[in-house]
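The values are calculated or read from the model by the stated rules, or taken from the named source; none is laboratory data. Everything numeric here is computed off the predicted structure, so don't read it as measured data. When we count neighbours, we look across all protein chains shown, and the Cβ atoms used for this are built from the backbone with ideal geometry, even at glycine.
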2 protein chains.
Amino acid sequence: MSKKQPDLPLPAHPDVDSMLSRKFGREVANYFAGSPLNRLGFLRSDHVFLSRALRHPSTSFMLCKDLQPLVQSAENKKLAYVGYEDVKPVIGEDPYALGEKEMHEQYNSEKTVPQMIFLGIDERVKDGLDYQGKNRYIGAPYFAVDVTPRGSVKEACEKLIGKVEQGDVQFGKGRLMELEASDAAIYAEARQLLDWNARNPFCAQCGQPTMSVNGGFKRACPSTDLARKAAAPMSTTAAAPANPSERPPCATRTGVSNLSFPRTDPTVIMAVVNHAGDKILLGRQRRWPPYWYSTLAGFAEPAESIEEAVRREVYEEAGIFVGRVVIHSTQPWPYPANLMIGAVGQAVPEGETIDLGNDPELDDAKWFDFAEVRDALRVGTSGLGDAAGPEYKEGGLRLPPSTAIANQLITSVVNGFASVEAKM
Amino acid sequence: MSKKQPDLPLPAHPDVDSMLSRKFGREVANYFAGSPLNRLGFLRSDHVFLSRALRHPSTSFMLCKDLQPLVQSAENKKLAYVGYEDVKPVIGEDPYALGEKEMHEQYNSEKTVPQMIFLGIDERVKDGLDYQGKNRYIGAPYFAVDVTPRGSVKEACEKLIGKVEQGDVQFGKGRLMELEASDAAIYAEARQLLDWNARNPFCAQCGQPTMSVNGGFKRACPSTDLARKAAAPMSTTAAAPANPSERPPCATRTGVSNLSFPRTDPTVIMAVVNHAGDKILLGRQRRWPPYWYSTLAGFAEPAESIEEAVRREVYEEAGIFVGRVVIHSTQPWPYPANLMIGAVGQAVPEGETIDLGNDPELDDAKWFDFAEVRDALRVGTSGLGDAAGPEYKEGGLRLPPSTAIANQLITSVVNGFASVEAKM
């Protein structure tokens, strides 16, 4: 019963229709970026659009259980989808029947509402949904649905899970780094949004329960809650509120608050070269396999430029003072909500001595000759839990795989990125 | 009684001590970046350090009322600070007397705790605090204190405000874009952290009140609250909890949650050139003064690379399809919590037609000849509420000032950034 997707090649340049999903110029496109979908974010508040997209025959639903998506069993390389009739017992006939105003009025914090995300449309599908807003949009819609059994939809979720698991599909396990690139990007969007909604059931400003709106891209703090009305004692005193479902005021209702919108944490990750430009700084955490090293990384702090964040992190973790910093590329990382901003930095001559005594986060940090690193890129890369390749010899340097931006940064540096005057 | 700071020049290169605050290479350092302070983030959990820093004679306290700092009245160009004895009536003898474990045990949600931020130390001050941790750190500490009158410290705050306002200082007004660059960076850190704490008094995961720890850089969700004990009815039934101050469980206590840490929202802001490379795309919002245009901008969404976010925003707001994208520089923007990632993009030949019909956010968007933009950069820049310069003629293009990254991007583009093959 699951619905596999056809292989749709990205069209040859120039085709403006899918320009949003193409790679250009010198850009390094990292794993989890490169979604083929047009998110149509400006239509998320148009419930008529969402309602039509939901029920179109070209529409695909990604089921997620505990944030793991349904994948095709064969090699775990492709996502598997189901159709509207499959998810209807869980989500109901039309979760987008009401506009946001009516959703506020009918808000009841005790009602289970399965979390859904509108992911976008695939414009390569010419016989998909044809929607005339102010402009015309054609494509196959994609949604994600959280089917983790809970509340009043527990049984419907369990039934659906049981049904799909009879087919040649399964829910993913661990970090899904084997998915094809475009599927990985679609999943990254779904995972990060489902996770953000799950982490934010309450308003950080006022402590009251919140409600998912805008196709899963916003959480609103309603001013009323029908559950309060049901719970309110019968009262005939003058002190009873005019509207028993009314909730205390909240600042997020009277202006735009970033608390209402998905959170993405900018992080810096950097390949640092010595001043002479022939060694690269790598570090390792205690829990990693022996001989495994990678680039240093950390969260950007409030009120820092990226270059400052890079210098601070390298100083904190390794005691190295970095001068020049150039941004290399970025990687969305949906575990849970990072935007990894990759950079190349160069140490100043007086700042090359490694010192792990500031922030004792690393087990070790070392300068590696480019030659050793080139060798490791050839024979010593693998996923963190996986074995190195057949040519790897015990004791040799091990490095992250090409799906990690760390690998891309290291590769760029040993290929001369830092020595090109124009880049640094 | 306010304590003005001496002018301390940044030392000449090479001086590793303050390497963290220097600019290098081709980096464009935007306004609000470039703090002279070493944040020493790894010492924020060391309450003995914070306690010593609090009471050192070299220590400066930035007072903020409704997020506005104390500034020297003369020209609003420099921050003004007070000393420990001044703030003691508000913050108490030693708000860092307890370690985090003891703070959890003594947590009482009904107690007013004035928000404080440890901003870092100025290592140029050689006779500042001398602290031996695992390494040795010397410098003058900086803190920010929220003195907005409230709760049990209302009177102490009002008294302190009255006292400082008798001097040659005042609380800032509006957006403080006249501060000297290094003061602007220190204020940006203070403002963003105070604001984040103020927006997050409750746990978004469980809805219960949270507590500021780690020098203002973390909010914890304690497992007990002495206020519950006080409120608990006397009971002799078996159902009464063993510890009446105990709170319901929360997932943020059992693992690392990003909800506990400050939020920074990555945004993209981009100067887009046409394919021929002789025009630049600028847009305007309805509420801006007549003839005022700027670069397009918007929030990065979950699971996008920066380049994808740039393409999406330009498509949504102006209908333009962007091919090549290069990151230019970044600007912290503490209103309230943005990291502006500046980029230069280039339209593809078939995607240059402006269409405001997707996301109707802009009042207008237009392609401008470089010559017209160069002229505007010379005579038509100013702050958003300010008058243009004396040479400006009514009807001419107006642009943001050099403190805005938009101006830096526009300037780079008309100076040939997009035409340099190595950069794009």
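The table below lists the values:
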item: Flag if A:ASN258 is within 30 Å of B:ALA309 (Cα to Cα) and touching a strand residue (DSSP E or B) at 6+ places or on another chain (Cβ under 8 Å); result: yes
item: Some residue of the stretch A:246-257 being of a type in the set (S, T, N, Q), outside any loop (DSSP other than H, G, I, E, B) and not assigned by TED's automatic domain parsing to the domain that holds A:ALA371; result: yes
item: Hits in the stretch B:85-118 (condition: crowded, with 19+ Cβ neighbours inside 10 Å and in contact with a Lys or Arg (Cβ under 7 Å, 6 or more places away or on another chain)); result: B:PHE118
item: Residues satisfying the stated conditions in the stretch B:324-338, i.e. more than 8 Å from every other protein chain (Cβ to nearest Cβ) and either among the aromatic types (Phe, Trp, Tyr) or more than 14 Å from the chain's Cα centre (by Cα) (or both); result: B:HIS328, B:TRP333, B:TYR335
item: The stretch B:259-285 residues that are away from chain A (no Cβ under 13 Å) and buried (at least 24 other Cβ atoms within 10 Å of the Cβ), paired with ones that are part of a strand (DSSP E or B) and of a type in the set (Phe, Trp, Tyr) (beta carbon under 7 Å, 6 or more apart); result: B:ILE280/B:PHE368; B:LEU281/B:TRP367; B:LEU282/B:PHE368
item: Residue selected from the stretch B:303-323 under the condition part of a loop (DSSP other than H, G, I, E, B) and touching a strand residue (DSSP E or B) at 6+ places or on another chain (Cβ under 7 Å), by the criterion farthest from the other protein chains (Cβ to nearest Cβ); result: B:ILE320
item: Of all residues in the stretch B:367-400 being modelled with pLDDT under 95, surrounded by 13 or more Cβ atoms within 10 Å (Cβ to Cβ) and not hydrophobic (A, V, I, L, M, F, W, C), the one that is farthest from the chain's Cα centre (by Cα); result: B:SER382
item: Among the residues listed as B:GLU102, B:GLU75, the single one being among the charged types (D, E, K, R) and assigned to a loop (DSSP other than H, G, I, E, B); result: B:GLU75
item: Residue ID - nearest to the chain's Cα centre (by Cα), chosen from residues in the stretch A:27-52 that are free of Cβ contacts under 8 Å to residues at least 60 places away in the same chain, more than 10 Å from chain B (Cβ to nearest Cβ) and surrounded by fewer than 20 Cβ atoms within 10 Å (Cβ to Cβ); result: A:SER51
item: Some residue of the stretch B:291-300 being at pLDDT below 95, within 14 Å of another protein chain (Cβ to nearest Cβ) and either on the phi > 0 side of the Ramachandran plot or crowded, with 20+ Cβ neighbours inside 10 Å (or both); result: no
item: The stretch A:44-77, residues that are closer than 18 Å to A:ILE138 by Cα and among the charged types (D, E, K, R); result: A:ARG44, A:ASP46, A:ARG52, A:ARG55
item: Residue match in the stretch A:167-186 (condition: of a type in the set (D, E, K, R), assigned to a helix (DSSP H, G or I), out of contact with any helix residue (DSSP H, G or I) (no Cβ under 6 Å at 6 or more places or on another chain) and within 23 Å of A:ASN338 (Cβ to Cβ)); result: yes
item: Members of the stretch B:363-373 found to be in contact with a Gly (Cβ under 8 Å, 6 or more places away or on another chain) and closer than 13 Å to B:VAL272 by Cβ, listed by number; result: B:ALA365, B:LYS366
item: Residues (part of a strand (DSSP E or B), among the charged types (D, E, K, R) and surrounded by fewer than 20 Cβ atoms within 10 Å (Cβ to Cβ)) located in the stretch A:187-224; result: A:LYS218
item: Scan of the stretch B:327-378 for residues that are closer than 30 Å to A:GLU308 by Cα, touching a Phe, Trp or Tyr at 6+ places or on another chain (Cβ under 8 Å) and aliphatic (A, V, I, L, M), ordered by number; result: B:ALA337, B:LEU339, B:MET340, B:VAL344
item: Some residue of the stretch A:339-356 being crowded, with 21+ Cβ neighbours inside 10 Å, within 7 Å of chain B (Cβ to nearest Cβ) and closer than 27 Å to B:PRO336 by Cα; result: yes
item: Residue ID - farthest from A:GLU316 (Cα to Cα), chosen from residues in the stretch A:352-400 that are part of a loop (DSSP other than H, G, I, E, B) and of a type in the set (S, T, N, Q); result: A:SER382
item: Residue within the stretch B:401-421 that is assigned to a strand (DSSP E or B) and assigned by TED's automatic domain parsing to the domain that holds B:ARG286 present; result: no
item: Residue check, B:LEU362 surrounded by 17 or more Cβ atoms within 10 Å (Cβ to Cβ) and within 14 Å of chain A (Cβ to nearest Cβ); result: yes
item: Some residue of the stretch B:161-171 being under 30 Å from B:ASN407 (Cβ atoms) and surrounded by fewer than 20 Cβ atoms within 10 Å (Cβ to Cβ); result: yes
item: Checklist (1) touching a helix residue (DSSP H, G or I) at 6+ places or on another chain (Cβ under 8 Å); (2) of a type outside the set (A, V, I, L, M); (3) part of a loop (DSSP other than H, G, I, E, B) applied to B:ARG286, failing item; result: (1)
